[in-house]
Amino acid sequence: MLDELGIGFVPFSPLGRGFLTGQVTADSTFGENDIRANLPRFTPEALAKNFALVDAVKQVAARTGATPGQIALAWLLAQREWMVPIPGTRRISRLDENLGATEIELSGDDLAELDRASAAVDLTGDRYPEAMQRMIDR
């Protein structure tokens, strides 16, 4: 439908608050000032179930010489020309890394592998705590 209307799509938090960068592990802990400490998707149980997608992203990254974050962004960019992810960052080095995703051309096999992994993972944990989730699910 977006194609038909000529409307772009801007994915919010396309790296899953760092999850798809491969930097979050089963042992990760988050300080009280880190929003992820209160997000259901970042509980140890949810992380354990959601890591299958990160593993696929890491495998493609290892084969292509890119970072997992770059692969996640390149995968989004390959979906449609009007897809414009906006990853947030506080560091210039991460901005440069994220921009590198625009130079990556994923093969058909890479895209199919990532599509299969995405379809196979039933994401566990809401995006936000219950009260916040109710505000966006209206």
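Taken as a whole, the condition of being assigned to a helix (DSSP H, G or I), basic (K, R), surrounded by 13 or more Cβ atoms within 10 Å (Cβ to Cβ) and over 17 Å from the mean Cα position of the chain (by Cα) applies to R63.
Scanning segment 102-114 for residues that are not in a helix (DSSP H, G or I) and not hydrophobic (A, V, I, L, M, F, W, C) turns up E105, S107. Only one of the listed residues (G125, G108, G100) is on the phi > 0 side of the Ramachandran plot and more than 14 Å from the chain's Cα centre (by Cα). That residue is G125.
Matching residues to (1) at pLDDT below 90; (2) more than 14 Å from R94 (Cβ to Cβ):
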site	(1), (2)
G8	no, yes
P11	yes, yes
L15	no, no
L20	no, no
T25	yes, yes
N33	no, yes
A37	no, yes
T43	no, yes
A46	no, yes
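Tallying residues that are farther than 20 Å from R116 by Cβ and either free of Cβ contacts under 8 Å to residues at least 24 places away in the same chain or touching a Cys at 6+ places or on another chain (Cβ under 9 Å) (or both) within segment 60-77 yields 1. When segment 23-49 is examined, which residues are found to be under 23 Å from R134 (Cα atoms) and among the polar types (S, T, N, Q)? Scanning segment 23-49 gives N33, N38, T43.
Every residue, every condition in (1) basic (K, R); (2) in contact with a Pro (Cβ under 8 Å, 6 or more places away or on another chain); (3) under 25 Å from M132 (Cβ atoms), yes or no:
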| site | (1), (2), (3) |
| --- | --- |
| G6 | no, no, no |
| V10 | no, yes, yes |
| S13 | no, yes, yes |
| G16 | no, no, yes |
| T21 | no, yes, yes |
| F51 | no, no, yes |
| K58 | yes, yes, no |
| T64 | no, no, no |
| N98 | no, yes, no |
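Which of the residues belonging to segment 5-46 are surrounded by 15 or more Cβ atoms within 10 Å (Cβ to Cβ), outside any loop (DSSP other than H, G, I, E, B) and touching a residue at least 24 places away in the same chain (Cβ under 8 Å)? Selection gives F19, L20, T21, P40, R41, F42, A46.
Any residue that is closer than 19 Å to L39 by Cβ, surrounded by 17 or more Cβ atoms within 10 Å (Cβ to Cβ) and modelled with pLDDT of 95 or more - is there at least one of those in segment 72-92? Within segment 72-92, one or more residues are closer than 19 Å to L39 by Cβ, surrounded by 17 or more Cβ atoms within 10 Å (Cβ to Cβ) and modelled with pLDDT of 95 or more. Here V57 meets the list (1) β-branched (V, I, T); (2) surrounded by fewer than 18 Cβ atoms within 10 Å (Cβ to Cβ); (3) touching a residue at least 60 places away in the same chain (Cβ under 8 Å) almost entirely, failing just condition (2). Pairs linking a residue in segment 78-101 that is free of Cβ contacts under 8 Å to residues at least 12 places away in the same chain and part of a helix (DSSP H, G or I) to a residue that is surrounded by 13 or more Cβ atoms within 10 Å (Cβ to Cβ) and hydroxyl-bearing (S, T, Y), with Cβ atoms under 6 Å and 6 or more positions apart or on different chains, are L95/T89.
The values are calculated or read from the model by the stated rules, or taken from the named source; none is laboratory data. None of these values were measured; they are calculated from a predicted model. For neighbour counting, all protein chains shown are included, and Cβ atoms are generated from backbone atoms with ideal geometry for every residue, glycine included.
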